[in-house]
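The values are calculated or read from the model by the stated rules, or taken from the named source; none is laboratory data. Since the structure is predicted, the reported quantities are computational estimates derived from the model, not experimental observations. Glycine gets a Cβ as well: all are built from the backbone with ideal geometry, and neighbour counts include every protein chain shown.
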Amino acid sequence: MALEAAGELIVIVVRLIFRALVKVVLEFLICGAGYIICRQFSKNIDPDGLRVLIVGHVFWAFVLVSTVLGFG
């Protein structure tokens, strides 16, 4: 019984760490790219705004499509 509780606790901690790591990495990659691109066109840009998020997604979609078509 104690072994099951310890196992479940380990799973919960690992899941929490994994989710936090994925959130930070994806937020950095998507919002970071979007912010860098938007910053070229406007000096007054919100780093956590919707525009930055959309531009970041469009950028990575373009990178993915270019890579697939380039190697295909």
> Looking at this structure, is Glu8 closer than 20 Å to Ala61 by Cβ, out of contact with any Lys or Arg (no Cβ under 7 Å at 6 or more places or on another chain) and not β-branched (Val, Ile, Thr)?
Replying inline: no
> In the set Ala33, Ala5, which member is under 14 Å from the mean Cα position of the chain (by Cα) and part of a helix (DSSP H, G or I)?
Replying inline: Ala33
> Which one of the conditions (1) modelled with pLDDT of 95 or more; (2) exposed (fewer than 13 other Cβ atoms within 10 Å of the Cβ) does Val58 fail to meet, given that it meets all the rest?
Replying inline: (2)
> Just wondering, is there one or more residues in region 36-50 that are within 12 Å of the chain's Cα centre (by Cα) and assigned to a helix (DSSP H, G or I)?
Replying inline: no
